[in-house]
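Asks: Okay, here's the structure, questions in a sec.
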Amino acid sequence: MNITWALLMMALGGVGVQHTGHEADVSAALQSAANPPITAAGQSGTSGPNTAAGNPAQSPAPSAAPGAADSALHTDPQPDAPKVKGIYVTAYSAGGERMEQLLGLLDKTELNSMVIDIKDDAGYITYKTDNAELQEMGTPQKFIGDINKLMTRLKEHDVYPIARIVVFKDSVLAKKHPELSFVNSDGSVWKNKGGDSFVNPYNEDVWKYNVDIAKEAAKLGFKEIQFDYVRFPEGFEKRADTLKYTKSERPRVEIIADFVKYAKAELAPLGVRISVDIFGYAASVPAAEGIGQDFVKISKNVDVISPMVYPSHYSTGWFDVKDPDKDPYATIKGSMVDTHKKLDPLGSYKPVIRPWIQDFTASWLGSGHFIKYGKQQVEDQIRALKDENVDEFLLWNANNRYTSDVDYEQ
């Protein structure tokens, strides 16, 4: 369908989102995508209220030297990794009784991977770390009581372990270090409609903190680091000139891409794969300048890209479907066609495409606009992926309650 019309429909149509976990203001982000590009001059940090205490952020050295580092960035550190078919696992599940049930699901099906919260949506590090720097910057919890025991358990069940790190959505760090966040004119830390705060992607201390968590996860035995919320807050373009924060003259899309490139370079010696979660619609629209997400720029610097293509996140008209949530096959197929169109020109730089798909019921869409998701709907999504030559996927359910008896080899 026409992209401009699609943007309008989604912005005005009350796009449904899951209200836990991957929670995001999708319609606001779509408005970011629809806005004209922001020029570098418009990003200058030398004017008015857009500066805060501390030194202006500077890009770390790896992103400033593209030469030899670039070739290393695009060499898959795990060419023999399995084709991942995984599930999302909260830290509470990973450290609690439900883990036995989830391991049983993997033992008896074709599923082989778990994406586990190591730094969660609030910003908590989910296990007790002995790293003094991480303790100072963050707030470690014992959601996972014994992280080493967990890693041993995953290995015993032949689970491919992926560490999920929520990056710039971080209420814990923002509260503890307001100078690393976005501050209102009255000195308070800015919060979005959901009460969440973000930290500043321009600040290299924020970059290092998240990458240091990733380094520890890699040393613990995680094979892949998955970064989520790699973006500015939704609708940021509307408040970019009123909040106080450090910044440089580089556009937001470049800053986000630079963080990903930096993380990849820093983690390369540890042999872990790097993946990034991104809005599914980003494959179908121009770059979202407001939140700083450019599908191609990010994809070029990761081993795996995971677009969140939940049918419930698309509204009337996408892919010529009246109610996308009620037609998971057509919605997923359309999103993958657009994804290939975006990424095929990258050639050898094209990452593995491993989408997040829907294993939950989006009842908030309202009567007549959703269906109950079960075996058929999950299988329809997997079949659509396979028909578009996408062999890997991740299942999302915020409560970690996954549909039984699904054939994952559609």
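The values are calculated or read from the model by the stated rules, or taken from the named source; none is laboratory data. As the structure is a prediction and not an experimental result, all values here were calculated from the model. Quick reminder, even Gly has a Cβ in these numbers, built from the backbone with ideal geometry, and neighbours come from all protein chains shown. These accessible areas exclude ligands, DNA and RNA; they are computed on the full protein's heavy atoms, side chains included. Shrake-Rupley method; radii C 1.70, N 1.55, O 1.52, S 1.80 Å.
Asks: In the range 182-224, which residues are within 25 Å of GLU289 (Cα to Cα) and in a strand (DSSP E or B)?
Replies: VAL183, VAL189, PHE198, VAL199
Asks: Another question about this same structure. May I ask you to verify whether SER306 is at pLDDT 95 or above, assigned to a strand (DSSP E or B), open to solvent by less than 10 Å² (accessible area, probe 1.4 Å) and small (Gly, Ala, Ser)?
Replies: Yes, satisfied.
Asks: For the range 395-410, how many residues meet the condition of being crowded, with 20+ Cβ neighbours inside 10 Å and within 12 Å of GLU110 (Cα to Cα)?
Replies: 1
Asks: I'm trying to understand the selection: among the residues of the range 332-364, which are in a helix (DSSP H, G or I) and open to solvent by 40 Å² or more (accessible area, probe 1.4 Å)?
Replies: Result: LYS333, VAL337, LYS341, LYS342, ASP344, PRO345, GLY347, SER348, TYR349, SER363, TRP364.
Asks: Also: Pick from the range 243-255 the residues that are more than 9 Å from LYS297 (Cα to Cα) and either touching a strand residue (DSSP E or B) at 6+ places or on another chain (Cβ under 8 Å) or not basic (Lys, Arg) (or both): which of them is surrounded by the most Cβ atoms within 10 Å (Cβ to Cβ)?
Replies: Ranking the candidates gives TYR245 first.
Asks: For the range 91-123, which residues satisfy the criterion of being touching a residue at least 24 places away in the same chain (Cβ under 8 Å), part of a helix (DSSP H, G or I) and open to solvent by 30 Å² or more (accessible area, probe 1.4 Å)?
Replies: Within the range 91-123, TYR92, ARG98, ASP107 meet the criteria.
Asks: Find the residue count for the range 170-179, including only residues that are closer than 15 Å to TYR229 by Cβ and open to solvent by 10 Å² or more (accessible area, probe 1.4 Å).
Replies: The number of residues fulfilling the criteria is 2.
Asks: Of the conditions (1) open to solvent by 10 Å² or more (accessible area, probe 1.4 Å); (2) of a type outside the set (A, V, I, L, M); (3) modelled with pLDDT under 95; (4) over 26 Å from LEU395 (Cβ atoms), GLY290 clears all except one; give me its number.
Replies: (1)
Asks: Moving on to the next point. Any idea which of (1) over 30 Å from GLY235 (Cα atoms); (2) part of a loop (DSSP other than H, G, I, E, B); (3) touching a residue at least 60 places away in the same chain (Cβ under 8 Å) is the one LYS155 doesn't satisfy?
Replies: (2)
Table: residues versus (1) among the polar types (S, T, N, Q); (2) buried (at least 20 other Cβ atoms within 10 Å of the Cβ).
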| site | (1), (2) |
| --- | --- |
| ASN148 | yes, no |
| LYS155 | no, no |
| PRO161 | no, yes |
| ASP186 | no, no |
| SER197 | yes, yes |
| VAL211 | no, yes |
| ALA214 | no, yes |
| ASP228 | no, yes |
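Asks: Between VAL167, VAL206, which is under 18 Å from ILE125 (Cβ atoms), out of contact with any Pro (no Cβ under 9 Å at 6 or more places or on another chain) and of a type in the set (Val, Ile, Thr)?
Replies: VAL206
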